[in-house]
């Protein structure tokens, strides 16, 4: 964990030069955003003016399809309440977020968000907060976090049905598969052949993924398994691609930045 509080110069660089929010800085140090605001005031560091409203580009594009693939996997859009005690103001933040181990994945997602007109920030959290909610906090892993805010983008994603999603990414399906595979996929390498597996609990979403892969020319299979959670058996859905030729073509067409045995991951 980073030493708290940072020096005035360190805090200034994080807040003004890197443009991180008080929430993001607090997350990096394991403290609340109120604590960050306290030290900004104590050091005499002025607050930034309120940013202009972001107008994201929501027309069908490779970048939008990729971002949606990530969001339906490891990413998230969320509405969270905040309280500004200084201004006695309450409201909501509309967050687009990804927290992952692979820096290369985080950077790829950040670049796609930038092309959509959002203003994402990338930062490193030694002990990611959500890990503290489950099991032993000492086992929490560091994460690269991509964070952006846009009410319009949040409302857009929340309005999507599976049918609307399919129509939206129809011309860019390989990009959606790329984002979803980087989030939910893996590749097993046996002495004889490759096996690509993509796993998720959303049946309709996995049926759509199965259709996409077949339209892209892959011989995929879809099946159901069960896993135990709090003593209860729950369904999980697996899309699988077998065979060296199919796997090689998958990685040549989809070009995932991680989990690609044909490209060295440098993150």
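Filtering segment 4-43 down to residues that are free of Cβ contacts under 8 Å to residues at least 60 places away in the same chain, out of contact with any helix residue (DSSP H, G or I) (no Cβ under 8 Å at 6 or more places or on another chain) and in a loop (DSSP other than H, G, I, E, B), which residue is surrounded by the fewest Cβ atoms within 10 Å (Cβ to Cβ)?
Among those residues, the one meeting the criterion is 7.
Does at least one position in segment 234-247 carry a residue that is outside the structural domain of residue 69 (by TED's automatic domain parsing), more than 17 Å from residue 181 (Cβ to Cβ) and touching a helix residue (DSSP H, G or I) at 6+ places or on another chain (Cβ under 8 Å)?
Yes: segment 234-247 contains one or more residues that are outside the structural domain of residue 69 (by TED's automatic domain parsing), more than 17 Å from residue 181 (Cβ to Cβ) and touching a helix residue (DSSP H, G or I) at 6+ places or on another chain (Cβ under 8 Å).
The values are calculated or read from the model by the stated rules, or taken from the named source; none is laboratory data. Not measured: the values here are computed from a predicted model. Quick reminder, even Gly has a Cβ in these numbers, built from the backbone with ideal geometry, and neighbours come from all protein chains shown.
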